[in-house]
Amino acid sequence: MDYDKLVSMAADAGYLLIANGAEISRAEESVRRIFYAYGAENGEVFAIPTFINVSVSTPEGRPVTAIRRIPSRRVDMGKVDRANDLCRRVCRTKPKFESVEREIRRISAQPVFPFPLQVAAYALVAAAFTLFYGGNCSDALVSFLCGAAIRPICSLLERFHVNLFFINVAASFAAAAIALCFANFNASLNYDKIIIGALMNLVPGIAITDFMRDIIAGDLIAGILRFTESLLVAAAIAIGAGIALTAMRMLWGV
């Protein structure tokens, strides 16, 4: 048994899960099951949203440890599903470590949806939520434009490695500013419903669900960190929209 390769492969699998939005308990359980499958029943794993530490002791008592820093995370349930399926196949068939590493790299390299499709999805989500919250068709049309503007702004700032907090501030400001500009020229528009619908694209729904699941599962540190992250995202959204509202009221009295 090559314990160095086993620990490295298990750490990469856990990294793949956490980096794409899986809850901590899922990642830790997957790593433990991989250890059990290969007979390393004394393996241990500790993970938080930004870090994973995997360790196992050889029969000679030599500890083998792998650490992975997780600098950035995104929500990609498709990759989480494929990573889960890979972990199940590893536990069932116990393939060679090299083939598992190749599959992990293949899943990591799989492209996300095309950018135009992402823009269309943001726009449709914004329009749908505006209608859900009581807006009319005119409100939904303006919200459609606001939602379509959010994704390009986020993508542009991500290329410059801007902090997520400021990305959300800029995106929420742009969406609210567009809604208020249209409302200034058409008083019949419900700009509050337009803004709410557009900003639903930025609400960290997965993070909120994950922190509750982590706390329930006993991963208190991970749950508190995700909770803090959710609060920061909510604060960024509020700050961006608040700046737009304040600026427009000062300029036009909207």
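The values are calculated or read from the model by the stated rules, or taken from the named source; none is laboratory data. Note that the structure is predicted; figures quoted are calculated from it, not measured. Here Cβ is always computed from backbone atoms with ideal geometry, including for glycine, and neighbour counts include all displayed protein chains. Please note that ligands, DNA and RNA were not included when accessible areas were found on the heavy atoms of the full protein model with its side chains. Shrake-Rupley method; radii C 1.70, N 1.55, O 1.52, S 1.80 Å.
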Specify the angular offset, from 0 to 90 degrees and rounded to the nearest 10, of the alpha carbon long axis of helix 24-37 from the longest principal axis of the alpha carbons in the chain.
-> 20
Which of the peptides 65-74, 171-180 is most tightly packed, and how do the rest follow, going by the mean number of other Cβ atoms within 10 Å of each residue?
-> 171-180, 65-74
Measuring from the longest principal axis of the C-alpha atoms of the chain, the long axis of helix 3-19 (C-alpha) lies at a number of degrees, nearest 10, equal to 10
Straight-line reach from residue 5: which lysines have a Cα under 30 Å away, not including same-chain ones fewer than 8 places off?
-> 79, 94, 96
Just how large is the dipole of the range 84-225 about the Cα centre, in debye to the nearest 20, putting +1 at every Lys and Arg Cβ and -1 at every Asp and Glu Cβ?
-> 620
Of all accessible heavy-atom area on the range 110-254, the percent that carbon and sulfur account for (1.4 Å) | 75
Considering the options 176, 202, 137, tell which one lies farthest towards the positive end of the dipole of the chain, charges being +1 on Lys and Arg and -1 on Asp and Glu at the Cβ, about the Cα centre.
-> 137
For the chain, what size does the Cα cloud have along each of its three principal axes, sorted from largest down, in whole Å?
-> 76, 32, 31
What does the accessible area per residue of the range 193-251 come to in Å², with a 1.4 Å probe and no ligands, DNA or RNA counted?
-> 51
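What whole-number value in Å² describes the accessible area per residue of the range 1-133 for a 1.4 Å probe?
53
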Report, in degrees rounded to the nearest 10, the 0 to 90 angle that the Cα long axis of helix 97-109 makes with the longest principal axis of the chain.
-> 10
Computed, not fitted: 222 nm per-residue ellipticity of the chain from DSSP H runs ≥ 4 (each -39500 (n - 2.57)), nearest 500, equal to -23500 deg cm²/dmol
Pop out the carbon and sulfur fraction of the accessible area of the range 1-52 as a percent, whole number, probe 1.4 Å.
-> 46
